[in-house]
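Working notes, beginning with the structure itself.
The values are calculated or read from the model by the stated rules, or taken from the named source; none is laboratory data. None of the values given here were measured: they were computed from a predicted structure. Ideal geometry is used to build each Cβ from the backbone, glycine not excepted, and the neighbour counts take in all protein chains shown. Note: accessible area is taken over every heavy atom of the protein model, side chains too, but ligands, DNA and RNA are not part of it. Shrake-Rupley method; radii C 1.70, N 1.55, O 1.52, S 1.80 Å.
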Amino acid sequence: MALTEMARDAERERIARHVLDLVKERGSEVPWTVAMAESGLTRARFEALFVDYDDLFDAVAQTWLAPQLAVMEEVLSSSLPPQRKMFEFFRRRFVIAQGRFREDPQFFTVLCEMGAANFERVRSYVDLADHYLCELIAEAQAEGFFAGLEIDEALSLINQMISNYTLPDALIYLGDKLTEAKLARIVDTMFIGLSGEAGADAAGLNTLKVAS
């Protein structure tokens with residue numbers, strides 16, 4: 001009997017969570033054949049749910065990243081002031097990643113390696129986060145922040161300034177050196193000084209020149 005869309009989605013999520021459990025248990029990425037054998041489903045049923053390994057990886061990534069997507073959307077729809085909204089956009093995702101890392105560093109590291117090896121499969125999540133960030137930048141610019149910068153330019157600058165709090169791998173190398181308090185200071189600094197303008201209203205900006 002064919003599955004309804006809701007039932008199919010629920011079954012895909014169940015298998016994806018089981019694959020995450022297997023990765024945690026074995027300490028390595030789980031091959032397609034192993035995922036199928038451990039699923040408790042017939043080959044035909046499994047292949048009806050997942051076209052290939054990439055499709056299975058998509059389901060695993062979606063399940064793992066669901067909490068981050070939820071908090072981004074929650075922050076985006078909030079009525080917080082621009083500075084706080086930007087901070088929460090990064091802080092809430094960082095707290096999730098930090099908690100996961102502290103709970104099981106080895107499992108977290110394996111998942112980071114899986115993400116790096118299958119980056120094209122997770123690129124859409126990175127692009128979505130950038131899309132949401134562009135919306136926050138536009139809201140902030142409407143209130144006078146990031147003056148004189150194109151949205152794409154502000155996006156690039158902010159991503160580079162904040163990357164240690166958005167790239168999961170940074171937790172592996174920096175650990176407890178990354179804190180919410182430091183993140184708050186970085187966001188404050190961005191709002192105080194990140195501008196494309198010069199003059200009295202942007203005192204202290206653009207004083208360092210890169211030699212051509």
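Structure summary
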read-out: Selection from region 165-182 of residues that are open to solvent by 60 Å² or more (accessible area, probe 1.4 Å) and within 19 Å of Arg84 (Cα to Cα); value: Glu180, Ala181, Lys182
read-out: Tabulated pairs, region 161-186, first without any contact (Cβ under 8 Å) to a residue 24 or more places away in the chain, second surrounded by 12 or more Cβ atoms within 10 Å (Cβ to Cβ) and polar (S, T, N, Q), C-beta under 8 angstrom, 6+ apart or interchain; value: Ala170/Asn164; Leu174/Asn164
read-out: Phe87 vs. criteria under 30 Å from Gly144 (Cα atoms), under 21 Å from the mean Cα position of the chain (by Cα), open to solvent by less than 70 Å² (accessible area, probe 1.4 Å) and of a type in the set (Phe, Trp, Tyr); value: yes
read-out: Failed item, numbered, when Gln68 is tested on (1) among the polar types (S, T, N, Q); (2) modelled with pLDDT of 95 or more; (3) loosely packed, with under 15 Cβ neighbours inside 10 Å; value: (3)
read-out: Among (1) at pLDDT below 95; (2) touching a helix residue (DSSP H, G or I) at 6+ places or on another chain (Cβ under 7 Å); (3) assigned to a helix (DSSP H, G or I) - the single one Phe145 does not satisfy; value: (3)
read-out: In region 93-112, the residues that are closer than 28 Å to Leu136 by Cα and surrounded by fewer than 17 Cβ atoms within 10 Å (Cβ to Cβ); value: Val95, Ile96, Gly99
read-out: Residue in region 13-36 that is more than 17 Å from Trp64 (Cα to Cα), β-branched (Val, Ile, Thr) and part of a loop (DSSP other than H, G, I, E, B) present; value: no
read-out: Residues being open to solvent by less than 50 Å² (accessible area, probe 1.4 Å) and modelled with pLDDT of 95 or more - total across region 113-139; value: 8
read-out: Meets criteria (open to solvent by less than 60 Å² (accessible area, probe 1.4 Å) and closer than 21 Å to Thr109 by Cα) for Leu20; value: yes
read-out: Residues of region 145-154 satisfying the condition of being in contact with a Cys (Cβ under 9 Å, 6 or more places away or on another chain) and crowded, with 18+ Cβ neighbours inside 10 Å; value: Ala154
read-out: Failed item in (1) surrounded by 12 or more Cβ atoms within 10 Å (Cβ to Cβ); (2) β-branched (Val, Ile, Thr); (3) within 25 Å of Gln106 (Cβ to Cβ), with Thr33 passing the rest; value: (1)
read-out: Pick from region 37-56, criterion within 28 Å of the chain's Cα centre (by Cα) and not acidic (Asp, Glu), ranking: most open to solvent (accessible area, probe 1.4 Å); value: Val51
